[in-house]
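What follows is a set of notes on a single structure, which appears directly below.
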Amino acid sequence: AWTRVKRRLRAELGEDIFASWFARLELEEVNAGTARLSVPTRFLKSWIESHYLDRVLNTFRSELEQVARIEVGVRGTGAPARPAAPKPLSAATAAVRAPAAPAPLTAPASPSATETDAPRGEAGGDLSGAPLDVRLSFVNFVVARSNALAHAAAERVSRHDGEAPLYNPLYVHAGVGLGKTHLLHAIGHAAREAGRRVIYLTADRFMYGFVNALKTQNALAFKERLRAIDLLVLDDVQFIQGKSIQAEFGHTINALVDAGRQVVVASDRPPTELDALEERVRSRLAGGLVVEIGGLDEQLRASILSARLAAVQAAHPNFEVSPQVAAYVAKAITANGRDLEGAVNRLLAHATLTGSPVTMETAETAIRDLVKNREPKRIKIEDIQKLVASRYNVSRSDILSERRTAAVVKPRQIAMYLSKVLTLRSLPEIGRRFGGRDHTTVLHAVRKIEKQIGEDAVLGDEVELLKRMLQD
Ligand code: ADP
Ligand code: MG
């Protein structure tokens with residue numbers, strides 16, 4: 001399982017980021033729900049803890065369900081859980097941690113060399129950006145009702161007509177596999193073809209570039225390069241973590257937008273729910289055009305699938321898929337475009353490996369797990385409220401009411417928390433369903449319960465039980 005966790009991290013983060021931060025990460029043990037990991041230096045420990053803990057935990061969980069916590073220790077210093085003895089931080093580490101921005105520029109010329117294992121990069125940080133995938137162009141993007149607005153806005157911002165950008169920043173949000181990255185790459189291609197200077201970065205790349213720049217004392221060059229462009233495309237900004245990096249992210253966006261340069265951002269959630277970001281940055285992100293891409297309906301799935309099949313068949317002329325099989329796949333795989341792509345790959349693997357044509361039966365077997373696993377039961381907020389109310393001996397109307405006695409507040413907060421983690425509803429929507437409360441009230445409840453679960457094992461079990469009951 002550990003090998004798989006590492007492989008997935010490598011695939012998700014890309015080779016250079018993986019090599020810089022995770023290559024020397026090792027699993028020591030998994031005990032009572034805690035996975036103890038170790039790295040050789042404190043710098044790596046603090047970096048992974050402050051930027052990648054959630055990511056590592058989620059990846060772990062998808063491989064080993066019983067893991068509920070991650071601890072990172074430094075090898076050769078005894079028990080990982082024990083706080084390390086206070087040692088001076090290297091200049092770069094301190095700079096990364098200090099929210100007061102100018103630190104990196106005034107740091108001593110030669111950082112103490114004790115823990116300098118941050119990635120070494122070229123001058124100015126790695127700003128080549130991530131490469132754009134040629135397949136992800138406007139030509140290959142299927143437009144439907146659920147993405148028409150996002151598509152139109154994307155086309156608009158990728159066109160350069162000398163005017164100040166109308167929608168700036170353009171903020172696209174949607175669940176996984178619904179076409180955000182595809183649209184972002186399409187914008188990048190189109191703008192580059194029009195001769196504009198474009199940088200496409202994922203959140204990981206952005207963080208990596210910034211830290212690299214600090215490390216090599218090129219923060220200024222990094223910033224200058226990032227700002228001397230026409231279009232900045234940032235993908236998956238929900239992953240941008242770390243105080244100084246978030247501040248830099250905010251400065252970058254402000255500087256570009258103020259200078260009339262286009263910024264395009266994608267995320268899995270609306271800007272109001274980027275909890276980790278400062279309010280100032282959030283409202284800046286929300287201040288341009290915010291568009292959501294909705295789920296894929298069956299017709300859109302069929303179009304995406306046939307486009308994907310055609311592309312694969314161009315390279316594998318013997319690979320045939322009957323219209324029936326295609327229709328079955330488009331009907332069965334409802335979750336997202338990524339799974340559709342996965343399904344095509346499996347059909348192809350099957351056809352290539354067995355040398356036999358794809359029948360309905362082989363198709364069914366090949367995509368069975370995609371169909372089953374990816375269709376979680378839709379849980380209704382109302383059901384959550386009813387279950388939690390009955391479990392705590394209050395009524396559902398108590399939960400929706402204004403009453404603030406402890407006997408009602410706690411189940412109400414638990415129900416809000418469960419609504420957030422078990423449904424795809426946004427915080428404002430959840431607030432509305434809880435008697436018209438504000439989204440900040442919901443956020444407060446979610447954070448509070450999250451914290452309490454971490455501290456109180458009994459409550460943790462209780463919430464886990466409620467989750468299971470709702471999911472069954
Ligand atoms: P996200 O970034 O939102 O998670 P992606 O952009 O990576 O999703 O899309 C996942 C897959 O689905 C990609 O192969 C992408 O090309 C495909 N896809 C999603 N939406 C569309 C669309 N409207 N037209 C064509 N392909 C799409
Ligand atoms: Mg994406």
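The values are calculated or read from the model by the stated rules, or taken from the named source; none is laboratory data. Quantities reported herein were computed from a predicted structural model and do not represent experimental measurements. Glycine also receives a Cβ, built like all others from the backbone with ideal geometry; neighbour counts cover every protein chain displayed.
Here are the numbers for this structure:
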item: Residue list for region 158-170, restricted to those being surrounded by fewer than 24 Cβ atoms within 10 Å (Cβ to Cβ) and either within 16 Å of ligand 2 (Cβ to nearest atom) or within 23 Å of Thr272 (Cβ to Cβ) (or both); result: Pro165, Leu166, Tyr167, Asn168
item: Spans of helices (runs of 4 or more DSSP H) in region 353-451 with at least 2 residues in contact (Cβ under 8 Å) with a residue 40 or more places away in the chain; result: 381-391, 406-422, 427-433
item: Scan of region 174-194 for residues that are more than 9 Å from ligand 1 (Cβ to nearest atom) and either under 16 Å from the mean Cα position of the chain (by Cα) or free of Cβ contacts under 8 Å to residues at least 12 places away in the same chain (or both), ordered by number; result: Glu193
item: Selection count where residues are more than 16 Å from ligand 2 (Cβ to nearest atom) and either part of a loop (DSSP other than H, G, I, E, B) or among the β-branched types (Val, Ile, Thr) (or both), scope region 194-209; result: 6
item: Test: residue in region 404-418 that is surrounded by 14 or more Cβ atoms within 10 Å (Cβ to Cβ) and within 21 Å of the chain's Cα centre (by Cα); result: yes
item: Output for region 174-193, where each listed residue is surrounded by fewer than 22 Cβ atoms within 10 Å (Cβ to Cβ) and more than 9 Å from ligand 2 (Cβ to nearest atom); result: Gly175, His189, Ala190, Arg192, Glu193
item: Qualifying residues in region 1-50 (those that are among the small types (Gly, Ala, Ser) and assigned to a loop (DSSP other than H, G, I, E, B)) - the one modelled with the lowest pLDDT; result: Gly14
item: Test: Val139 is more than 23 Å from Ile229 (Cα to Cα), loosely packed, with under 15 Cβ neighbours inside 10 Å and not assigned by TED's automatic domain parsing to the domain that holds Gly250; result: yes
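One line per residue, one yes/no per condition, for (1) under 21 Å from the mean Cα position of the chain (by Cα); (2) within 18 Å of Met207 (Cβ to Cβ); (3) not small (Gly, Ala, Ser):
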{"site": "Ala1", "(1), (2), (3)": "no, no, no"}
{"site": "Phe22", "(1), (2), (3)": "yes, yes, yes"}
{"site": "Val39", "(1), (2), (3)": "no, yes, yes"}
{"site": "Arg75", "(1), (2), (3)": "no, no, yes"}
